[in-house]
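Peer 1: Supplied in structure tokens, the structure appears directly below.
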Amino acid sequence: MRKAHIASLAVAALAALSACEQVSPPPSTGGGGPVVAPPSVEPSAESLAYARYYAGVQQRLLTQGLLRTDGGGPDTPIIARNLVANFERIALYNEYTLSGGRFVAQQTPATLRRWERPVRLQAHFGASVPEDTRDRDRAELARYADRLSGATGHSIRAVGSGGNFHVLYLNRDEQRAAGPLLRRIMPNISEGTIREITSLPRHEFCAVYSISNADAPNVYVSAIAFVRTEHPDLLRRSCVHEEVAQGLGLPNDSPVARPSIFNDDEEFALLTTHDEMLLRMLYDSRLRPGMTPDEARPTLQVLADGLLGGPS
């Protein structure tokens, strides 16, 4: 089992999305973003089966002592050399690559990528999502935006309209019908990417697509994250935490990163202290978009030593 972190499109999909500047805001629908059409009256049998499946997955992981929400503790010490190594693997490699018009899992070296303009997170809901659940999701997204802004020192906040980082909360039925919504919030999106999002299979829990312009391929200007509403609460929050953080410029996973959500072992459900350090390093002014691992490594060591009080 794993979540999907569909590759950053900053480099991999420039041919399809190189014209994506900051998109015009979609029409307002009362502060919550557009609702996917056609509206769902009742979830399909497939969507109900998804909900049962994800409920079972969450319970199984919790029974195994996974999906921790404590952020790490005495059992997960963080040392500088590991922090540098984890940063290199998570920030300076891609998890997915574009091949034959489709995204395939393949670890490939990359350069440092991040946002330069302010990040504005906007939630979009399928019609199946009750209003009280939308309110909880908006509140969670706003709290998380504040935490990310504090960790990075970058301007990040949740908005009701005019966003450039779109978080879609959809069930399986609405996922299939999301093409019109995707074209509305991102007019230059490719048909291939729409197919990827609308057909993402059940074993892919959630996904994020970060997008840049051809003239600045290492600077993100927009993003789309997809979160399944069939998830029970903790898996839903976990998807939001991981995909939004990845969409800021940490696109890969590492099997040795700990304590971290950027590890497919699912030990941690929510952003950890270690992950906040990675974000702080990523947005430090001593690094710049486009740096290679060799160029970044000396500065990364300085940053890690500073965060941890000296070499370790």
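None of the figures in this text is laboratory data; all of them are computed from the coordinates on show. The model shown is predicted, which means the values in this text are computed figures rather than measured ones. Heads up, the Cβs are rebuilt from the backbone with ideal geometry, glycines too, and the neighbour counts pull from every protein chain shown.
Peer 1: Rank these for me by crowding, GLU230, GLU42, going from fewest to most other beta carbons within 10 Å.
Peer 2: Lowest to highest Cβ neighbour count: GLU42, GLU230.
Peer 1: Taking every pair of alpha-carbon atoms in the stretch 118-211, what share in percent sits in each 10 Å bin, from 0 to the bin with the longest distance?
Peer 2: 15, 45, 34, 6
Peer 1: Among DSSP beta bridges whose residues both lie in the stretch 200-244, state the antiparallel percentage, nearest 5.
Peer 2: Of the beta bridges lying entirely in the stretch 200-244, close to 100 percent run antiparallel.
Peer 1: Right, here's the next one. What does the stretch 189-309 give for Rg and for Dmax, in Å, if only its C-alpha atoms count?
Peer 2: According to the Cα coordinates of the stretch 189-309, Rg and Dmax are 15.9, 48 Å.
Peer 1: Only sites in a loop by DSSP and with at most 13 other Cβ atoms within 10 Å count here; which trypsin sites (Lys or Arg not before Pro) in the stretch 211-306 make the cut?
Peer 2: In loop regions of the stretch 211-306 (DSSP not H, G, I, E or B), the sparsely surrounded trypsin sites (Lys or Arg not before Pro) are ARG286.
Peer 1: Order by neighbour count: ASP294, ASP173, fewest other Cβ atoms within 10 Å first, most last.
Peer 2: In order of increasing Cβ crowding within 10 Å: ASP294, ASP173.
Peer 1: Right, next: Place +1 on the Cβ of every Lys and Arg and -1 on the Cβ of every Asp and Glu in the stretch 174-226, take the dipole about the Cα centre, and give the residue among GLN175, ILE211, ALA225 whose Cα lies farthest towards its positive end.
Peer 2: So the residue furthest toward the plus end is GLN175.
Peer 1: Considering only C-alpha atoms, what is the centroid distance from the stretch 43-73 to the stretch 191-258, in Å?
Peer 2: About 18 Å separates the Cα centre of the stretch 43-73 from the one of the stretch 191-258.
Peer 1: Another one. So if the hydrodynamic radius of the stretch 200-264 is defined as the Kirkwood radius over C-alpha pairs, what does Stokes-Einstein give as its diffusion coefficient at 25 °C and 0.890 mPa s, in µm² per second?
Peer 2: D, rounded to a whole number, is 190 µm²/s.
Peer 1: Order of ASP284, ASP75 from fewest to most other C-beta atoms within 10 Å?
Peer 2: ASP75, ASP284
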